[in-house]
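What follows is a short report on a single structure.
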Amino acid sequence: QVQLVESGGGLVQAGGSLRLSCAVSGRTFSTYTMGWFRQAPGKQRELVAFMTTGGNTNYAGSVKGRSTISRDNAKNTMYLQMNSLKPEDTAVYYCAAGLVPGRSPTAYNYWGQGTQVTVSS
């Protein structure tokens with residue numbers, strides 16, 4: 001089984017930056033498409049970004065240009081660097097792993113417990 005654990009969330013002022021991390025158990029990290037999703041209260045879970053096993057990336061329009069997804073296969077860790085944060089970025093952020101690329105949460109088989117990101121004005 002695959003276990004995902006997010007970290008790096010917290011409280012940050014608008015315009016600030018955070019780097020979220022997702023630690024993945026096992027030695028099969030390189031076989032998965034890895035994604036970051038977020039969910040704000042009363043809203044649906046939505047894609048932030050994903051990266052395929054080949055390094056292809058896809059970003060939500062709301063974060064494109066100020067966020068970067070990356071992965072370190074040797075460390076079994078995925079990252080989401082978020083800059084120029086806005087109050088509307090406030091949400092619980094989840095990392096996820098799946099066997100095929102996709103923008104929908106249904107494409108992913110494994111999920112972390114989430115880390116809270118709060119951006120103050």
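If we keep just the residues of the stretch 8-23 that are in contact with a Gly (Cβ under 9 Å, 6 or more places away or on another chain) and in contact (Cβ under 8 Å) with a residue 60 or more places away in the chain, which is nearest to Ala91 (Cα to Cα)? Among those residues, the one meeting the criterion is Gly9. Only residues that are small (Gly, Ala, Ser) and either part of a strand (DSSP E or B) or at pLDDT 95 or above (or both) were counted in the stretch 74-95, giving 2. The number of residues in the stretch 15-53 being open to solvent by 40 Å² or more (accessible area, probe 1.4 Å) and among the β-branched types (Val, Ile, Thr) comes to 3. Starting from residues that are within 12 Å of the chain's Cα centre (by Cα) and not in a loop (DSSP other than H, G, I, E, B), keep the ones in the stretch 106-121 and report whichever is nearest to Ala60 (Cα to Cα). Applying the filter and picking the extreme gives Val117.
Among the residues of the stretch 54-73, are any part of a strand (DSSP E or B), at pLDDT 95 or above and open to solvent by 60 Å² or more (accessible area, probe 1.4 Å)?
Taking the stretch 54-73 as the starting set, the residues that turn out to be part of a strand (DSSP E or B) are 57-59, 67-72.
Retained after the next criterion (residues that are at pLDDT 95 or above): 57-59, 67-70.
With open to solvent by 60 Å² or more (accessible area, probe 1.4 Å) added as a condition, the list becomes 57, 68.
Yes.
Scanning the stretch 96-105 for residues that are outside any strand (DSSP E or B) and under 15 Å from the mean Cα position of the chain (by Cα) turns up Pro101, Gly102, Arg103, Ser104, Pro105.
The values are calculated or read from the model by the stated rules, or taken from the named source; none is laboratory data. Owing to the predicted nature of the structure, the values given are computational and were not obtained by experimental measurement. FYI the Cβ positions are ideal-geometry reconstructions off the backbone, even for glycines, and counts take in every protein chain you see. What goes into the accessible areas is simple: the full protein's heavy atoms, side chains included, and nothing from ligands, DNA or RNA. Shrake-Rupley method; radii C 1.70, N 1.55, O 1.52, S 1.80 Å.
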